[in-house]
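Engineer: Structure provided below as structure tokens; questions to follow.
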């Protein structure tokens, strides 16, 4: 896995490439048995700046979710990243998508936080993290890096997981302090930056403007599990990672009542969009291009170090 600053650079490359230099459809989904299971194909192509194609990237994330696995003691999510030579189509690598997804998601959040967090002078940066799972843990070093000196509040429905995440946060460089909140509203109160990374459940769109400090940045990576349509509709700036995927997902039944985005995050970065005074929402659903870009960087490092299992062609 690349070092943190390189991960942020790869995430920014992904976001800006989505504006004009990438080709990817919305997630292609099928729904196998048992109920609530899904399988998503996320192909992506990055067109590099070299006309000869040396900077091109081609591949796909293949991710499957089987909630019933939990009862059988099996992981609920499985994923692979498949890389191909963009000029010949030859298969290059098969990688575990789990750690790639965790780190690329946190890095995209980091790019959004770095660009659109509110600037405060009267107190250290205050952040809130809702959800103490894999994504909660992957966000800790990013928060410490882009918000040095941060005072963090965390919440999870499982108090033991929240306590464990808080203990890890206190050992994370850049995080000055961490406390466990009794509920998500207590966690977000007064926070300059809020990251929502909760697991999906029956209750959705529970967070409204009165949960938040004026001018906060909210980064939802859990779809609309927390952010209400009224909250997003009243934002001064509403950004998404990929417009077409967001609109397709909304048409499929998520994000009920949410408005069209003002821009993609990459468009705002390229246009140097100024950070407005009010609330900013930077929602990212996760795109296969990020997995392909990160996967290519991991493959290059593995080849350099002689790591991995080489399969015969």
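The values are calculated or read from the model by the stated rules, or taken from the named source; none is laboratory data. Predicted model, so just to flag it, every value in this text is computed and none were measured. Every residue, glycine as well, gets a Cβ built from its backbone with ideal geometry; the counts of neighbours run over all protein chains shown.
Engineer: Quick one: which helices (runs of 4 or more DSSP H) lie wholly within the range 237-313 and hold at least 1 residues that are more than 27 Å from residue 58 (Cα to Cα) and free of Cβ contacts under 8 Å to residues at least 24 places away in the same chain?
Structural biologist: Passing ranges, in order: 243-251.
Engineer: Continuing with the same structure: Which one of 118, 141, 148 is more than 11 Å from residue 197 (Cβ to Cβ), outside any helix (DSSP H, G or I) and touching a residue at least 40 places away in the same chain (Cβ under 8 Å)?
Structural biologist: After ruling out the rest, the residue left standing is 118.
Engineer: Within the range 171-211, how many residues are closer than 15 Å to residue 132 by Cα and part of a strand (DSSP E or B)?
Structural biologist: Number satisfying all stated conditions: 6.
Engineer: Checking the structure you have, find out if any residue of the range 253-271 is modelled with pLDDT under 95 and over 16 Å from residue 109 (Cα atoms).
Structural biologist: Yes, there is a match, as at least one residue in the range 253-271 is modelled with pLDDT under 95 and over 16 Å from residue 109 (Cα atoms).
Engineer: Next question, about the same structure. Condition first: crowded, with 17+ Cβ neighbours inside 10 Å, at pLDDT 95 or above, touching a helix residue (DSSP H, G or I) at 6+ places or on another chain (Cβ under 7 Å) and over 30 Å from residue 77 (Cα atoms). Can you find one or more residues in the range 210-219 that meet it?
Structural biologist: Within the range 210-219, one or more residues are crowded, with 17+ Cβ neighbours inside 10 Å, at pLDDT 95 or above, touching a helix residue (DSSP H, G or I) at 6+ places or on another chain (Cβ under 7 Å) and over 30 Å from residue 77 (Cα atoms).
Engineer: Next up: Does residue 310 count as surrounded by fewer than 19 Cβ atoms within 10 Å (Cβ to Cβ) and over 21 Å from residue 199 (Cα atoms)?
Structural biologist: Working: surrounded by fewer than 19 Cβ atoms within 10 Å (Cβ to Cβ): yes; over 21 Å from residue 199 (Cα atoms): yes.
For residue 310, the condition - surrounded by fewer than 19 Cβ atoms within 10 Å (Cβ to Cβ) and over 21 Å from residue 199 (Cα atoms) - is met.
Engineer: Additional query: Does the range 241-257 contain any residue that is over 28 Å from residue 23 (Cα atoms) and crowded, with 19+ Cβ neighbours inside 10 Å?
Structural biologist: No, the range 241-257 contains no residue that is over 28 Å from residue 23 (Cα atoms) and crowded, with 19+ Cβ neighbours inside 10 Å.
A quick yes/no check of all residues on (1) closer than 30 Å to residue 214 by Cα; (2) more than 19 Å from the chain's Cα centre (by Cα); (3) without any contact (Cβ under 8 Å) to a residue 60 or more places away in the chain:
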{"site": "43", "(1), (2), (3)": "no, no, no"}
{"site": "49", "(1), (2), (3)": "no, yes, yes"}
{"site": "61", "(1), (2), (3)": "no, no, no"}
{"site": "83", "(1), (2), (3)": "no, yes, no"}
{"site": "94", "(1), (2), (3)": "no, yes, yes"}
{"site": "113", "(1), (2), (3)": "yes, no, no"}
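Engineer: Determine which member of the set 130, 94 is touching a strand residue (DSSP E or B) at 6+ places or on another chain (Cβ under 9 Å) and crowded, with 23+ Cβ neighbours inside 10 Å.
Structural biologist: That would be 130, the only listed residue that is touching a strand residue (DSSP E or B) at 6+ places or on another chain (Cβ under 9 Å) and crowded, with 23+ Cβ neighbours inside 10 Å.
Engineer: Now a separate question. State whether the residues of the range 108-124 include one that is more than 30 Å from residue 177 (Cβ to Cβ) and at pLDDT 95 or above. Walk me through how you get there before you give the answer.
Structural biologist: First, pick out the residues of the range 108-124 that are more than 30 Å from residue 177 (Cβ to Cβ): none.
Taking every residue of the range 108-124 in turn, none turns out to be more than 30 Å from residue 177 (Cβ to Cβ) and at pLDDT 95 or above.
Engineer: Considering only the range 18-41, state which residues are under 17 Å from residue 264 (Cβ atoms) and either surrounded by 15 or more Cβ atoms within 10 Å (Cβ to Cβ) or assigned by TED's automatic domain parsing to the domain that holds residue 246 (or both).
Structural biologist: Selection gives 18, 19, 21, 22, 24, 26, 27.
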